[in-house]
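The values are calculated or read from the model by the stated rules, or taken from the named source; none is laboratory data. Note that the structure is predicted; figures quoted are calculated from it, not measured. Glycine gets a Cβ as well: all are built from the backbone with ideal geometry, and neighbour counts include every protein chain shown.
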Ligand code: KG4
Ligand code: ZN
């Protein structure tokens, strides 16, 4: 009888597969289901992307103006097995070549996460390979290593997604220090809320990005909150400023409002990232998270880094938004550092970035 009262054969927490050496030839299957993308990828050695398949549920949620958790879970259930099969085929490998299965265990929507976690456990058990539970936020940091595995540490990571806006010092693999974060809305949340208010639809970030190209970023002088104070961010006042301005000046074209809003967000993100890099003596800045796909943020961060003598690491837009290659990469590093995750691991909707400092 195991400690928890279960007969040993049924107690899967005891069934941790012995770990083979984790090396550059180790192939990890990554699974991502934390929100509205169903994704699977095979990555070798934490850096070589053999395949990356992302099935977006955008069309399913668009009619509701945002992600509906129950619809997301059901869609993951239907899509995940075919997406994994497609990732294996795209990689051109036999399933038997997979050395470990990594999945997002949080943060995210509980029902959505559970689909990925249960599937990953089933595959790890069936194939007799280790499971690795991955923190989605840590995985966003690893997207940059897929493009450039030789990144020099320490680095400052600007992590800007739908749920988080953070400046993190990556001191070493797995060793992070939080330098600043949003005290209210995340940057992506601000993009989504403003886009919805402007009638630009969902998802809001890409919609504003597209429309802003035709607008004048200096048309409206929106506030740059907390620009000179600390390394924290605040975006809820900016969102209110957009609403108030549009109500007072309905004649101003939407593209000008969108461009001015986008410029205000980008100005603050870039200024604080550069300041953070100076404060900790970082050699470069890494961009991560869905807002990292924003075209203005990418060009302005690149220019600012060049002026400041810093290296700028911009993962491709498809590696900034949610994908499973970043999960497999972070999984490889976690497996090497900590070994396999016990199979009784759960899903953790509010998981935080593991801060060691
Ligand atoms: O990292 P991500 O794919 O999912 C989360 O972990 O949250 O980020 C999604 C967020 C959404 O708020 C979306 O509107 C935003 O990233 N986003 C963008 C762009 N593409 C995605 N925001 C601004 N410009 C974009 N091009
Ligand atoms: Zn994400």
Fill in the blank from the handout: Out of (1) touching a residue at least 40 places away in the same chain (Cβ under 8 Å); (2) within 16 Å of ligand 1 (Cβ to nearest atom); (3) in contact with a helix residue (DSSP H, G or I) (Cβ under 8 Å, 6 or more places away or on another chain), the one residue 182 does not meet is (3)
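Results for (1) within 12 Å of ligand 1 (Cβ to nearest atom); (2) buried (at least 23 other Cβ atoms within 10 Å of the Cβ); (3) more than 30 Å from residue 148 (Cα to Cα), shown as yes or no for each residue.
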residue	(1), (2), (3)
207	yes, no, no
222	no, no, yes
234	no, no, yes
237	no, no, yes
262	yes, yes, no
267	no, no, no
278	no, no, no
281	no, no, no
285	no, yes, no
Completion exercise
Every listed condition ((1) farther than 16 Å from residue 45 by Cα; (2) surrounded by 21 or more Cβ atoms within 10 Å (Cβ to Cβ)) holds for residue 101 save (1)
Exercise for the section: Among the residues of the stretch 41-82, count how many are touching a residue at least 12 places away in the same chain (Cβ under 8 Å) and under 30 Å from residue 150 (Cα atoms). Expected result: 14
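With the requirement that a residue be more than 17 Å from residue 265 (Cβ to Cβ) and out of contact with any strand residue (DSSP E or B) (no Cβ under 6 Å at 6 or more places or on another chain), what does the stretch 294-311 give you?
Matches in the stretch 294-311: 306, 307, 308, 309.
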Handout entry: Filtered residue count, the stretch 287-308, keeping only those that are within 16 Å of ligand 2 (Cβ to nearest atom), over 20 Å from residue 212 (Cβ atoms) and surrounded by fewer than 24 Cβ atoms within 10 Å (Cβ to Cβ)
Key = 0
Completion exercise
Subset of the stretch 106-130, residues in contact with a strand residue (DSSP E or B) (Cβ under 7 Å, 6 or more places away or on another chain) and under 10 Å from residue 31 (Cβ atoms), comes to 116, 117, 119, 120, 123
Exercise for the section: Give the residue, chosen from 337, 328, that is buried (at least 24 other Cβ atoms within 10 Å of the Cβ) and either part of a helix (DSSP H, G or I) or at positive phi (or both). Expected result: 328
Practice task
Take the stretch 278-311 and flag every residue that is under 21 Å from the mean Cα position of the chain (by Cα) and either within 13 Å of residue 231 (Cα to Cα) or free of Cβ contacts under 8 Å to residues at least 12 places away in the same chain (or both).
Solution key: 299
Problem - From the options 156, 171, residue that is surrounded by fewer than 20 Cβ atoms within 10 Å (Cβ to Cβ), away from ligand 1 (no atom under 16 Å from the Cβ) and outside the structural domain of residue 95 (by TED's automatic domain parsing) - result: 171
Fill in the blank from the handout: Flagged in the stretch 309-325 as assigned to a helix (DSSP H, G or I), within 12 Å of ligand 1 (Cβ to nearest atom) and surrounded by 20 or more Cβ atoms within 10 Å (Cβ to Cβ), in numbering order, are 319, 320
